[in-house]
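Colleague: Structure in structure tokens, see below.
The values are calculated or read from the model by the stated rules, or taken from the named source; none is laboratory data. Predicted model, so just to flag it, every value in this text is computed and none were measured. Note that we place each Cβ from the backbone using ideal geometry, even for glycine, and neighbour counts take in every protein chain shown.
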Amino acid sequence: MRTVLIIGAGASGMAAAITAAGCGENRVILIEKQSRPGKKLLATGNGCCNLTNTDISAENYFGEEKDFAIPALTRFGLESTVGFFRSLGLLTRRERGGKIYPYSMQASSVLDVLRFALDRPNVELYCDTAAVSIEKKGSGFNVATDKGSFFADRLIVAAGGAASPKLGGTWDGYKLLQGLGHSRTAIYPSLVQVKTENTYPRALKGIKTDARAALYSGKAAVCVSEGEILFTEYGLSGPAVFELSRFVSAERDLSISLDLMPEYEEGEVEALLLENRKSAGNLACENFLAGVLNKRLGQMLMKYSGIPFSAPAALLRDAEIKKLVRSIKNFSLPVKGTTGFENAQVTAGGIRTKEFRSDTLESRLCPNLFAAGEVLDVDGRCGGYNLQWAWSSGRLAGKLGAL
Ligand SMILES: Cc1cc2nc3c(=O)[nH]c(=O)nc-3n(C[C@H](O)[C@H](O)[C@H](O)COP(=O)(O)OP(=O)(O)OC[C@H]3O[C@@H](n4cnc5c(N)ncnc54)[C@H](O)[C@@H]3O)c2cc1C
């Protein structure tokens, strides 16, 4: 029998362990630093676990090597993933935006079926056990943990990234792989709240609205996304803002421009407001946008546009209406940063993928060493893409080079 040791019982580590255990020749040892496997998984998708998406294509992924993830995502794509979970007893459902969830809408269902599948004679799971160093020994590895050492013929590092330390995010995976000669790109928090100049967001704290959000570096658009945004004490949150956050740490002189009526062209919004000035001109400006946008948001836009609340709407000048339209279509906030790894769902960047074979995930520098999941320089958009990468890369690594 050959011993396969997997570091990290998160999404990718468990997928790798189940796959490797499928070959009866393998004795699989899975070690997990935390007291239980898959702790982060329970928190995913607001406790519902958005485990994949119907649109798994390369444009949804980032990293130094744009195409690195493709072989794994092709070999273990959407159908294969849904089939894999179905074979473990999990039923899934499709929701808005092609997001796939467990039918129960409970992340614990996903974790449970993975845990049950690991309960087999050739798998040993050691929790509260942290890998601290790895030494090459012949064609295998000596892995030192805080509970003693293990020898492994094959090693899979699936220790995740730096995001969300409360749920097990660590730098361990990077350090362990760097100890074996690998290198890392710069890393940034991604899918995280964005801190902006907060005078207006603070006043709107708790309000959710659909918007088109564009991140600008000076005058150049860096990234645009559309969906829900949430105003917070420190700035902006919500899926549309998460999408932009990946680029916030890497760029300078940033601002976010919100289009608060993305379905309407600027001219259409202007025509609508001119019509309202006629029909609802008896209102005070304070309530002029009450029938159009969230009330507090409408009032804040008046303030942002420098229009006094008490003035009668009928007296709004054309130039003031134009200014209001510009505020609605281009509500711009200077960016100050993100709320950091502490709150991030994902790490952008990681161990350099060019040091691994994309078709097997075996190291090019160190034979019999594999890596999977977020520890590698692959990160995805919001919507099930990161877990899909974890399942695909975990299952590919668990094949241990079998093509
Ligand atoms: C709040 C939140 C919500 C999210 N929601 C979604 C979602 O709905 N859909 C989606 O696609 N993605 C989501 N993500 C992202 C997704 O959870 C991760 O991308 C995915 O879990 C990464 O899988 P992984 O196996 O690489 O790492 P992880 O799942 O983080 O697993 C790594 C494991 O390794 C263990 N470990 C670390 N160091 C050591 C060591 N030295 N020794 C032993 N064990 C170690 C850790 O404790 C951890 O259990 C979310 C993330 C967060 C934080």
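Colleague: I'd like the residue in region 349-383 that is part of a loop (DSSP other than H, G, I, E, B) and near the ligand (Cβ under 8 Å from one of its atoms) and, out of all such residues, is nearest to residue 11 (Cα to Cα).
Modeller: It comes out as 372.
Colleague: Can you name every one of the helices (runs of 4 or more DSSP H) wholly within region 1-107 that holds 3 or more residues which are closer than 14 Å to residue 384 by Cβ, among the hydrophobic types (A, V, I, L, M, F, W, C) and more than 9 Å from the ligand (Cβ to nearest atom)?
Modeller: 78-87
Colleague: Also: Please verify whether region 384-400 includes one or more residues that are within 14 Å of the ligand (Cβ to nearest atom) and assigned to a strand (DSSP E or B). Steps first, please.
Modeller: Residues of region 384-400 within 14 Å of the ligand (Cβ to nearest atom): 384-398.
From the residues that got through so far, the ones that are assigned to a strand (DSSP E or B) too are none.
Looking for residues that are within 14 Å of the ligand (Cβ to nearest atom) and assigned to a strand (DSSP E or B), one finds none in region 384-400, hence no.
Colleague: Now a separate question. Cβ contacts < 7 Å: first residue farther than 17 Å from residue 242 by Cβ, restricted to region 209-229; second residue modelled with pLDDT of 95 or more, any location; separation 6+ or different chain. Result?
Modeller: 216/254; 216/255; 216/257; 217/254; 221/214
Colleague: Can you pull out every residue in region 133-144 that is surrounded by 11 or more Cβ atoms within 10 Å (Cβ to Cβ) and either of a type outside the set (Asp, Glu) or in contact with a Lys or Arg (Cβ under 6 Å, 6 or more places away or on another chain) (or both)?
Modeller: Once the filter is applied, which keeps residues that are surrounded by 11 or more Cβ atoms within 10 Å (Cβ to Cβ) and either of a type outside the set (Asp, Glu) or in contact with a Lys or Arg (Cβ under 6 Å, 6 or more places away or on another chain) (or both), region 133-144 yields 133, 134, 136, 137, 140, 141, 142, 143, 144.
Colleague: For region 311-331, which residues satisfy the criterion of being within 7 Å of residue 285 (Cβ to Cβ) and surrounded by fewer than 19 Cβ atoms within 10 Å (Cβ to Cβ)?
Modeller: Scanning region 311-331 gives a single hit, 311.
Colleague: Do we find that residue 147 is surrounded by fewer than 23 Cβ atoms within 10 Å (Cβ to Cβ), within 11 Å of the ligand (Cβ to nearest atom) and over 23 Å from the mean Cα position of the chain (by Cα) in this structure?
Modeller: On the way: surrounded by fewer than 23 Cβ atoms within 10 Å (Cβ to Cβ): yes; within 11 Å of the ligand (Cβ to nearest atom): yes; over 23 Å from the mean Cα position of the chain (by Cα): yes.
Criteria met by residue 147.
Colleague: Can you run down the residue pairs with Cβ atoms below 9 Å, 6 or more apart or on separate chains, where the first is in region 116-144 and under 22 Å from residue 369 (Cβ atoms) and the partner is in a helix (DSSP H, G or I) and of a type in the set (Lys, Arg)?
Modeller: Listed pairs, sorted by first residue: 125/115; 133/175.
Colleague: Then there is this: Going by the structure shown, is residue 168 touching a residue at least 12 places away in the same chain (Cβ under 8 Å) and surrounded by 17 or more Cβ atoms within 10 Å (Cβ to Cβ)?
Modeller: yes
Colleague: To continue, here is another question. Enumerate the pairs (first residue in region 271-290 and in the same structural domain as residue 311 (by TED's automatic domain parsing) and part of a helix (DSSP H, G or I); second residue anywhere and loosely packed, with under 14 Cβ neighbours inside 10 Å and not small (Gly, Ala, Ser)) with beta-carbon separation below 8 Å, excluding pairs fewer than 6 apart on the same chain, so at least 6 apart or on different chains.
Modeller: Within 8 Å, the pairs are 274/318; 285/308; 285/309; 285/312; 286/309.
Colleague: Also: Considering only residues that are within 14 Å of the ligand (Cβ to nearest atom), crowded, with 18+ Cβ neighbours inside 10 Å and part of a strand (DSSP E or B), which ones fall in region 108-132?
Modeller: 125, 131
Colleague: Looking at residue 192 and the list (1) under 18 Å from residue 398 (Cβ atoms); (2) buried (at least 20 other Cβ atoms within 10 Å of the Cβ), which single condition is not satisfied?
Modeller: Every listed condition holds for residue 192 apart from (1).
Colleague: Let me ask you something else. Please verify whether region 151-159 includes one or more residues that are within 13 Å of the ligand (Cβ to nearest atom) and not in a strand (DSSP E or B).
Modeller: Within region 151-159 (the criterion being within 13 Å of the ligand (Cβ to nearest atom) and not in a strand (DSSP E or B)), the answer is yes, since at least one residue qualifies.
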